[in-house]
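All remarks here apply to the structure that follows.
The values are calculated or read from the model by the stated rules, or taken from the named source; none is laboratory data. These numbers were taken from a predicted model, which means no experiment stands behind them. In this analysis, Cβ positions are derived from the backbone assuming ideal geometry, glycine residues included, and neighbour counts consider all displayed protein chains. Just the protein is used for accessible areas: all its heavy atoms, side chains included, with ligands, DNA and RNA removed. Shrake-Rupley method; radii C 1.70, N 1.55, O 1.52, S 1.80 Å.
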Amino acid sequence: GAVVSQHPSWVICKSGTSVKIECRSLDFQATTMFWYRQFPKQSLMLMATSNEGSKATYEQGVEKDKFLINHASLTLSTLTVTSAHPEDSSFYICSARELAGDERETQYFGPGTRLLVL
Amino acid sequence: AQSVAQPEDQVNVAEGNPLTVKCTYSVSGNPYLFWYVQYPNRGLQFLLKYITGDNLVKGSYGFEAEFNKSQTSFHLKKPSALVSDSALYFCAVRGKLIFGQGTELSVKP
(Lines give C-alpha, C1' and ligand atoms only; values in the text may rest on other atoms or scores of the structure.)
Protein backbone atom coordinates (compact mmCIF):
# COMPACT_ATOMS: atom_id res chain seq x y z
CA GLY A 1 0.00 0.00 0.00
CA ALA A 2 0.79 3.74 0.02
CA VAL A 3 2.14 3.97 -3.50
CA VAL A 4 2.74 7.30 -5.19
CA SER A 5 3.51 7.56 -8.88
CA GLN A 6 4.94 10.39 -10.94
CA HIS A 7 4.79 10.96 -14.65
CA PRO A 8 6.92 11.48 -16.60
CA SER A 9 10.05 10.08 -15.00
CA TRP A 10 12.26 11.95 -17.46
CA VAL A 11 11.60 15.05 -19.53
CA ILE A 12 13.83 17.08 -21.81
CA CYS A 13 12.46 20.34 -23.14
CA LYS A 14 13.53 23.50 -24.88
CA SER A 15 13.97 26.74 -23.01
CA GLY A 16 10.74 28.75 -22.92
CA THR A 17 8.37 25.80 -23.03
CA SER A 18 6.15 24.59 -20.20
CA VAL A 19 6.31 21.18 -18.62
CA LYS A 20 3.64 19.44 -16.59
CA ILE A 21 4.47 16.77 -14.00
CA GLU A 22 1.77 14.57 -12.52
CA CYS A 23 1.75 13.04 -9.06
CA ARG A 24 -0.79 10.37 -8.20
CA SER A 25 -1.58 8.48 -5.02
CA LEU A 26 -2.51 5.04 -6.30
CA ASP A 27 -4.08 3.31 -3.32
CA PHE A 28 -5.07 6.04 -0.91
CA GLN A 29 -6.65 9.45 -0.90
CA ALA A 30 -4.18 12.25 -0.41
CA THR A 31 -5.71 15.37 1.00
CA THR A 32 -2.26 16.93 1.10
CA MET A 33 0.54 16.65 -1.42
CA PHE A 34 3.97 18.20 -1.32
CA TRP A 35 6.38 19.17 -4.10
CA TYR A 36 10.12 19.09 -3.55
CA ARG A 37 13.14 19.94 -5.60
CA GLN A 38 16.47 18.19 -5.22
CA PHE A 39 19.85 19.16 -6.61
CA PRO A 40 22.58 16.55 -7.04
CA LYS A 41 24.04 15.28 -3.78
CA GLN A 42 21.79 17.62 -1.83
CA SER A 43 18.77 17.34 0.39
CA LEU A 44 15.18 17.95 -0.64
CA MET A 45 13.89 21.49 -0.72
CA LEU A 46 10.17 21.89 -0.12
CA MET A 47 8.64 24.04 -2.83
CA ALA A 48 4.96 24.00 -1.95
CA THR A 49 2.17 22.25 -0.11
CA SER A 50 -1.09 21.61 -1.88
CA ASN A 51 -4.39 20.68 -0.32
CA GLU A 52 -7.16 19.22 -2.41
CA GLY A 53 -9.54 21.86 -3.64
CA SER A 54 -7.58 24.87 -2.41
CA LYS A 55 -4.66 26.99 -3.47
CA ALA A 56 -1.16 25.74 -2.85
CA THR A 57 1.02 27.25 -0.16
CA TYR A 58 4.44 28.14 -1.51
CA GLU A 59 7.65 28.26 0.46
CA GLN A 60 9.59 31.48 0.65
CA GLY A 61 11.55 32.16 -2.50
CA VAL A 62 9.48 29.89 -4.75
CA GLU A 63 7.76 31.74 -7.58
CA LYS A 64 4.14 30.67 -7.67
CA ASP A 65 3.63 32.03 -11.18
CA LYS A 66 6.50 29.93 -12.43
CA PHE A 67 5.64 26.73 -10.60
CA LEU A 68 1.90 26.26 -10.97
CA ILE A 69 0.38 23.63 -8.72
CA ASN A 70 -3.06 22.15 -9.07
CA HIS A 71 -4.58 19.58 -6.70
CA ALA A 72 -7.90 18.97 -8.36
CA SER A 73 -8.71 15.58 -6.89
CA LEU A 74 -7.84 13.45 -3.88
CA THR A 75 -5.45 11.37 -5.96
CA LEU A 76 -3.83 13.82 -8.35
CA SER A 77 -1.65 16.89 -8.08
CA THR A 78 0.18 18.53 -10.97
CA LEU A 79 3.20 20.79 -11.08
CA THR A 80 3.64 22.90 -14.20
CA VAL A 81 6.98 24.56 -14.76
CA THR A 82 6.11 27.52 -16.97
CA SER A 83 8.56 29.08 -19.42
CA ALA A 84 11.26 26.71 -18.31
CA HIS A 85 14.89 27.81 -18.31
CA PRO A 86 18.09 25.79 -17.89
CA GLU A 87 18.30 26.78 -14.21
CA ASP A 88 15.00 24.96 -13.67
CA SER A 89 16.71 21.69 -14.53
CA SER A 90 16.45 19.53 -11.45
CA PHE A 91 14.96 16.44 -9.87
CA TYR A 92 11.37 17.09 -8.80
CA ILE A 93 9.79 14.80 -6.21
CA CYS A 94 6.25 14.76 -4.93
CA SER A 95 4.87 13.21 -1.79
CA ALA A 96 1.40 12.53 -0.49
CA ARG A 97 -0.05 12.38 2.99
CA GLU A 98 -3.28 10.63 3.78
CA LEU A 99 -4.79 12.71 6.55
CA ALA A 100 -5.12 16.46 6.25
CA GLY A 101 -3.66 18.58 9.00
CA ASP A 102 -2.13 15.71 10.97
CA GLU A 103 1.58 16.22 11.23
CA ARG A 104 2.13 12.73 12.52
CA GLU A 105 1.12 11.02 9.35
CA THR A 106 3.78 9.65 7.07
CA GLN A 107 4.51 11.19 3.70
CA TYR A 108 4.92 8.73 0.86
CA PHE A 109 7.11 9.80 -2.00
CA GLY A 110 6.90 9.42 -5.73
CA PRO A 111 9.88 8.15 -7.73
CA GLY A 112 10.78 11.63 -8.95
CA THR A 113 10.90 13.41 -12.30
CA ARG A 114 14.18 14.53 -13.80
CA LEU A 115 13.78 17.70 -15.83
CA LEU A 116 16.45 18.88 -18.24
CA VAL A 117 15.90 22.22 -19.93
CA LEU A 118 18.09 22.86 -22.96
CA ALA B 1 12.52 26.96 14.43
CA GLN B 2 12.67 23.27 13.68
CA SER B 3 15.81 21.73 12.32
CA VAL B 4 17.49 18.42 11.73
CA ALA B 5 21.20 17.76 11.47
CA GLN B 6 23.02 14.79 10.04
CA PRO B 7 26.63 15.38 11.08
CA GLU B 8 28.17 12.89 8.66
CA ASP B 9 28.04 13.39 4.90
CA GLN B 10 29.27 9.84 4.38
CA VAL B 11 29.46 6.65 6.40
CA ASN B 12 31.54 3.69 5.26
CA VAL B 13 30.87 0.24 6.67
CA ALA B 14 32.07 -3.27 5.85
CA GLU B 15 29.38 -5.77 4.96
CA GLY B 16 28.25 -7.69 8.00
CA ASN B 17 29.27 -4.98 10.43
CA PRO B 18 26.77 -2.89 12.39
CA LEU B 19 25.96 0.52 10.99
CA THR B 20 24.82 3.78 12.54
CA VAL B 21 23.66 6.89 10.71
CA LYS B 22 23.38 9.84 13.05
CA CYS B 23 20.63 12.44 13.35
CA THR B 24 20.01 15.18 15.88
CA TYR B 25 16.98 17.40 15.97
CA SER B 26 15.67 20.64 17.37
CA VAL B 27 11.92 21.10 17.63
CA SER B 28 9.37 22.84 19.75
CA GLY B 29 6.69 20.49 20.98
CA ASN B 30 6.54 16.79 20.25
CA PRO B 31 9.29 15.54 17.92
CA TYR B 32 7.68 13.46 15.20
CA LEU B 33 10.75 11.97 13.53
CA PHE B 34 11.20 10.02 10.30
CA TRP B 35 13.91 8.19 8.40
CA TYR B 36 13.83 7.83 4.63
CA VAL B 37 16.20 6.16 2.18
CA GLN B 38 16.87 7.26 -1.39
CA TYR B 39 18.43 5.06 -4.06
CA PRO B 40 20.04 6.73 -7.10
CA ASN B 41 17.58 8.58 -9.32
CA ARG B 42 14.66 7.50 -7.17
CA GLY B 43 12.23 9.11 -4.78
CA LEU B 44 12.39 8.52 -1.06
CA GLN B 45 11.28 5.35 0.65
CA PHE B 46 9.88 5.45 4.15
CA LEU B 47 11.88 3.40 6.67
CA LEU B 48 10.44 4.19 10.07
CA LYS B 49 9.04 6.89 12.33
CA TYR B 50 8.87 7.85 15.97
CA ILE B 51 5.73 9.48 17.29
CA THR B 52 5.37 8.35 20.90
CA GLY B 53 5.96 5.23 22.96
CA ASP B 54 8.92 2.91 22.83
CA ASN B 55 12.20 4.70 22.26
CA LEU B 56 13.42 1.90 20.00
CA VAL B 57 11.53 1.91 16.73
CA LYS B 58 11.78 -0.95 14.26
CA GLY B 59 11.32 -0.33 10.57
CA SER B 60 11.74 -1.76 7.11
CA TYR B 61 14.67 -3.85 5.84
CA GLY B 62 15.97 -4.62 9.34
CA PHE B 63 16.58 -0.99 10.28
CA GLU B 64 15.79 0.45 13.66
CA ALA B 65 16.22 3.83 15.30
CA GLU B 66 16.62 4.92 18.87
CA PHE B 67 14.93 8.07 20.10
CA ASN B 68 16.97 9.78 22.82
CA LYS B 69 15.22 12.79 24.27
CA SER B 70 18.08 13.94 26.50
CA GLN B 71 20.53 13.93 23.59
CA THR B 72 17.88 15.08 21.07
CA SER B 73 19.00 12.32 18.76
CA PHE B 74 17.34 9.76 16.53
CA HIS B 75 20.14 7.60 15.15
CA LEU B 76 19.41 4.95 12.54
CA LYS B 77 20.95 1.53 13.14
CA LYS B 78 21.23 -1.90 11.62
CA PRO B 79 23.01 -4.85 13.27
CA SER B 80 24.51 -6.24 10.07
CA ALA B 81 24.96 -4.10 6.97
CA LEU B 82 24.35 -5.35 3.43
CA VAL B 83 25.93 -4.02 0.24
CA SER B 84 22.38 -3.31 -0.95
CA ASP B 85 21.95 -0.87 1.96
CA SER B 86 24.27 1.56 0.16
CA ALA B 87 22.12 4.64 -0.48
CA LEU B 88 21.39 8.16 0.68
CA TYR B 89 19.64 8.37 4.05
CA PHE B 90 17.58 11.30 5.25
CA CYS B 91 16.31 12.11 8.71
CA ALA B 92 13.26 14.38 8.85
CA VAL B 93 11.06 16.01 11.43
CA ARG B 94 7.31 16.62 11.66
CA GLY B 95 4.58 16.58 9.04
CA LYS B 96 5.76 19.40 6.84
CA LEU B 97 9.00 17.56 6.63
CA ILE B 98 12.20 19.35 7.44
CA PHE B 99 15.04 17.22 6.09
CA GLY B 100 18.59 16.79 7.22
CA GLN B 101 21.24 17.22 4.58
CA GLY B 102 21.50 13.49 3.98
CA THR B 103 24.15 10.87 4.72
CA GLU B 104 25.56 8.68 2.00
CA LEU B 105 26.05 5.15 3.27
CA SER B 106 28.55 2.96 1.48
CA VAL B 107 28.74 -0.72 2.41
CA LYS B 108 31.74 -2.57 0.99
CA PRO B 109 31.79 -6.32 0.56
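Just a few scattered comments:
- The mean number of partner chain beta-carbon atoms within 10 angstrom of a residue's beta-carbon across peptide B:42-51 is 5.
- Distance histogram in 5 Å bins (all Cα pairs of chain B, percent per bin): 2, 13, 25, 26, 19, 9, 4, 1, 0
- Debye log10 I(q)/I(0) at q = 0.30 Å⁻¹ for region B:49-107, Cα point scatterers: -1.39
- If you sort A:10, B:35 by accessible surface, 1.4 Å probe, largest first, the order is A:10, B:35.
- Cα principal axis extents for chain A, largest first, Å: 38, 25, 25
- Dipole moment magnitude, nearest 20 debye, the protein assembly as shown about Cα centre, only Lys, Arg, Asp, Glu C-beta charged: 140 debye
- In this structure, the residue pairs whose Cα-Cα separation is over 29 Å, taken from A:20/B:108; A:64/B:49; A:41/B:49; B:22/B:108; A:14/B:108; A:41/B:78, are A:20/B:108; A:64/B:49; A:14/B:108.
- Set of aspartates and glutamates with alpha-carbon distance to residue B:69 below 14 Å, sequence-local pairs under 8 removed: B:54
- Neighbouring Cβ atoms from other chains, within 10 Å of the Cβ of residues in A:108-117, number 3 on average.
- Efficiency of FRET from Cβ geometry, residue A:82 and residue A:55, R₀ 25 Å, rounded to 0.05: 0.95
- Ranking by accessible area, most exposed first, for B:64, A:63 with a 1.4 Å probe: A:63, B:64
- Shielding by partners, peptide B:85-91 (average Cβ within 10 angstrom, other chains): 1
- Residues of the protein assembly as shown: accessible area per residue with a 1.4 Å probe, Å²: 48 Å²
- Free-standing Cys residues across chain A, given no other cysteine C-beta under 4.7 angstrom: A:13
- Residue order by solvent-accessible surface for A:69, B:98, A:21, A:12 is A:12, B:98, A:69, A:21, largest first, with ligands and nucleic acids left out and a 1.4 Å probe.
- Overall Cα dimensions of region B:1-60, principal axis frame, Å, largest first: 37, 25, 22
- Exposure of residue B:32 as accessible area (Å², to 10), given a probe of 1.4 Å and all protein chains: 30 Å²
- Size of the B/A contact, given as accessible area buried on both chains, probe 1.4 Å, in Å²: 1700 Å²
- Pairwise Cα inverse-distance average, inverted: Kirkwood Rh of the protein assembly as shown (Å): 18.1 Å
- Ranked packing of A:49-56, A:32-39, most packed first, by mean Cβ within 10 Å: A:32-39, A:49-56
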